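So the structure is just underneath, and the comments pick up after that.
The values are calculated or read from the model by the stated rules, or taken from the named source; none is laboratory data. Keep in mind that what you see is a predicted model, and the values were worked out from it rather than measured. Neighbour counts are summed over all protein chains in view; Cβ atoms, including those assigned to glycine, are modelled from backbone coordinates with ideal geometry.
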Amino acid sequence: MATRRAISHCCDVLSPTTFGIFDAFATEEDRSAHLQGRIAAALMEIAPKLLAEAPEILLVEVIAAKLC
């Protein structure tokens, strides 16, 4: 399992203090393993100390991309 792409972004449309991380994986199995892994669990455990509110994890399907 490996993250193929990791992109962070600011969602100014929602709020100037709303940020996101977009991770891309080769397979659905890789994505599931990432979300259920030790690092994700550790981050969720400390999230209340780091963030103003609980993170929202959304699964999206990319319909087009251009990566240079």
Looking only at segment 44-60, filter to residues that are not acidic (Asp, Glu) and not in a loop (DSSP other than H, G, I, E, B); which one of those is surrounded by the fewest Cβ atoms within 10 Å (Cβ to Cβ)?
Lys49
Please work out which residue is modelled with the lowest pLDDT, limiting yourself to segment 15-68 and to residues that are of a type in the set (A, V, I, L, M, F, W, C) and in contact with a Lys or Arg (Cβ under 8 Å, 6 or more places away or on another chain).
Leu67
